[in-house]
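Undergrad: My structure is below; once you've seen it, I'll send some questions.
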Amino acid sequence: MWDRMGFFTGNLPLDLAVLAWLAAQLIKTVINLARGQGLALSRMLGSGDMPSSHSAFICAATASIGQICGWRSPLFSLSAAMALVVMYDACNVRRAAGEQAKLLNYLVDHWDDLPQEFKEKKRLNEHLGHTLPQVLMGGLLGTAIGLGGSMLL
């Protein structure tokens, strides 16, 4: 079925998806550094911010599957459906969870009557989701890597 082998795992769509994820994470780290926030290597593994590495990952896999297997293949249809679910989740569900974490962190920081046991807890992750532009940029990055990589390799 696959006429092209991957360069890392032997599976080209998976390799291109990982490459797109890595590219998105590197871009996030560089943007963070350019904003004067220092070199935060935690950005290499963290979620949130521009571009969406989740969108880049799934769009690279989807684009390369379409390129290799055909745009009308059931495998591409399944991958495209999964891409839409991942991007919807990143832009809506996980973003809402991040906003709730921001509010809860604020309450913990500013509520004097809050029991001490809540103040000693680890802070919640506020960088869970993405804005629509972050999801779209991740999707474009992944699509470009998926299409370009499957054509070149």
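Undergrad: Looking at region 20-28, can you tell me whether even one residue there is at pLDDT 80 or above, surrounded by 17 or more Cβ atoms within 10 Å (Cβ to Cβ), in a loop (DSSP other than H, G, I, E, B) and in contact with a Lys or Arg (Cβ under 9 Å, 6 or more places away or on another chain)?
TA: Within region 20-28, not a single residue is at pLDDT 80 or above, surrounded by 17 or more Cβ atoms within 10 Å (Cβ to Cβ), in a loop (DSSP other than H, G, I, E, B) and in contact with a Lys or Arg (Cβ under 9 Å, 6 or more places away or on another chain).
Undergrad: Return the residue satisfying two criteria in turn: it lies in region 90-110 and is within 24 Å of Ala61 (Cβ to Cβ) and in contact with a His (Cβ under 8 Å, 6 or more places away or on another chain), and of such residues it is modelled with the highest pLDDT.
TA: For region 90-110, the residue satisfying everything is Ala90.
Undergrad: Tell me, yes or no, whether region 70-77 has at least one residue that is outside any helix (DSSP H, G or I) and modelled with pLDDT under 90.
TA: Looking for residues that are outside any helix (DSSP H, G or I) and modelled with pLDDT under 90, one finds none in region 70-77, hence no.
Undergrad: For the structure I just gave you, tell me whether Leu14 is modelled with pLDDT of 75 or more, surrounded by fewer than 18 Cβ atoms within 10 Å (Cβ to Cβ) and within 19 Å of Gly138 (Cα to Cα).
TA: Considered against the rule, which asks whether it is modelled with pLDDT of 75 or more, surrounded by fewer than 18 Cβ atoms within 10 Å (Cβ to Cβ) and within 19 Å of Gly138 (Cα to Cα), Leu14 comes out as yes.
Undergrad: Sort out which residues of region 56-78 are crowded, with 23+ Cβ neighbours inside 10 Å and among the polar types (S, T, N, Q), and write them in order of number.
TA: Thr62, Ser64
Undergrad: Further question: What are the residues in region 66-83 that are touching a residue at least 12 places away in the same chain (Cβ under 8 Å) and within 16 Å of Gly139 (Cβ to Cβ), if any?
TA: Listed by number, the residues that qualify are Gly66, Gln67, Phe76, Ser79, Ala80, Met82, Ala83.
Undergrad: Cβ contacts < 9 Å: first residue assigned to a helix (DSSP H, G or I), restricted to region 134-151; second residue basic (Lys, Arg), any location; separation 6+ or different chain. Result?
TA: Short answer, once both residue conditions are applied: Ser150/Arg4.
The values are calculated or read from the model by the stated rules, or taken from the named source; none is laboratory data. Just so we're clear, the structure is a prediction, and the values are computed from it rather than from any experiment. A quick note on method: Cβ atoms are made from the backbone with ideal geometry, for glycine too, and the neighbour counts reach across all protein chains shown.
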